Amino acid sequence: MKCPFCAHLESKVTDSRIGTTGDVIRRRRECEECARRFTTYERVEEVLPLVVKRDGRREEFDRQKVLGGLRRACDKRAVPLVRLEQLVDHIERELMDAGDKEITAVSVGERVMTQLRQVDPVAYVRFASVYRQFKDIDELRSEIDLLARPEPSEKTTS
């Protein structure tokens, strides 16, 4: 590990601890050249697929971009940020588990909408209206009508 003070490439680990979330290891190190101490954080590099945009461009999956869209959709709604982060975690996990090297932006958006529909129906409609680029009010009304219908698991028998 390169020392941030003298740029020497050798250091020794004096202490290691697992981070509070369990996905990071914090290491206290001491440079073997200048003897100064510094901290490093180690995280497993998870490979996410490239996102193929509608115009054919490819870019890396951007967690912050997805989270930003969710935050805008949930603006002034009673959805905690922690819940939105969990939603993005779930989508990232699905993408990693699928093992695909590329995924379409449409597929990412559909995954987001599937999760968001369960969290907050109003935020779902907001997100869908931007994501699906409804051409007119009738398309939006159709989406709201679909949302208002109970899902098969919600139907009760009389």
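A few remarks follow.
- Residues of the range 99-139 classified as assigned to a loop (DSSP other than H, G, I, E, B) and within 19 Å of D62 (Cβ to Cβ), total: 2
- Any chance R37 is in contact with a strand residue (DSSP E or B) (Cβ under 9 Å, 6 or more places away or on another chain), surrounded by 13 or more Cβ atoms within 10 Å (Cβ to Cβ) and not assigned by TED's automatic domain parsing to the domain that holds F127: yes
- Of all residues in the range 134-145, those satisfying the criterion of being loosely packed, with under 10 Cβ neighbours inside 10 Å and either modelled with pLDDT under 75 or not assigned by TED's automatic domain parsing to the domain that holds P121 (or both) are K135, D136.
- Looking at E102, E94, just one residue is more than 25 Å from A123 (Cα to Cα), among the acidic types (D, E), at pLDDT 90 or above and in the same structural domain as R126 (by TED's automatic domain parsing), and that residue is E102.
Here's the yes/no breakdown for (1) outside any helix (DSSP H, G or I); (2) within 26 Å of the chain's Cα centre (by Cα):
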{"position": "K12", "(1), (2)": "yes, no"}
{"position": "S16", "(1), (2)": "yes, no"}
{"position": "E30", "(1), (2)": "yes, no"}
{"position": "C34", "(1), (2)": "yes, no"}
{"position": "E45", "(1), (2)": "yes, yes"}
{"position": "Q64", "(1), (2)": "no, yes"}
{"position": "V88", "(1), (2)": "no, yes"}
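- First in the range 116-133 and in contact (Cβ under 8 Å) with a residue 24 or more places away in the chain and assigned by TED's automatic domain parsing to the domain that holds I144, second anywhere and in a helix (DSSP H, G or I) and of a type in the set (S, T, Y), Cβ under 8 Å, 6 or more apart: L116/Y124; R117/Y124
- Residue count for the range 86-120, restricted to those that are surrounded by 13 or more Cβ atoms within 10 Å (Cβ to Cβ) and touching a strand residue (DSSP E or B) at 6+ places or on another chain (Cβ under 8 Å): 5.
- Output for the range 66-85, where each listed residue is in a helix (DSSP H, G or I) and exposed (fewer than 13 other Cβ atoms within 10 Å of the Cβ): G68, R72, L81, V82
- Considering E30, E45, the condition of being free of Cβ contacts under 8 Å to residues at least 40 places away in the same chain and surrounded by fewer than 11 Cβ atoms within 10 Å (Cβ to Cβ) is satisfied by E45 alone.
- All told, E60 meets the bar of being under 30 Å from A7 (Cβ atoms), out of contact with any Phe, Trp or Tyr (no Cβ under 7 Å at 6 or more places or on another chain) and not assigned by TED's automatic domain parsing to the domain that holds D23.
The values are calculated or read from the model by the stated rules, or taken from the named source; none is laboratory data. Everything quoted here is computed from the prediction, not taken from an experiment. Every residue, glycine as well, gets a Cβ built from its backbone with ideal geometry; the counts of neighbours run over all protein chains shown.
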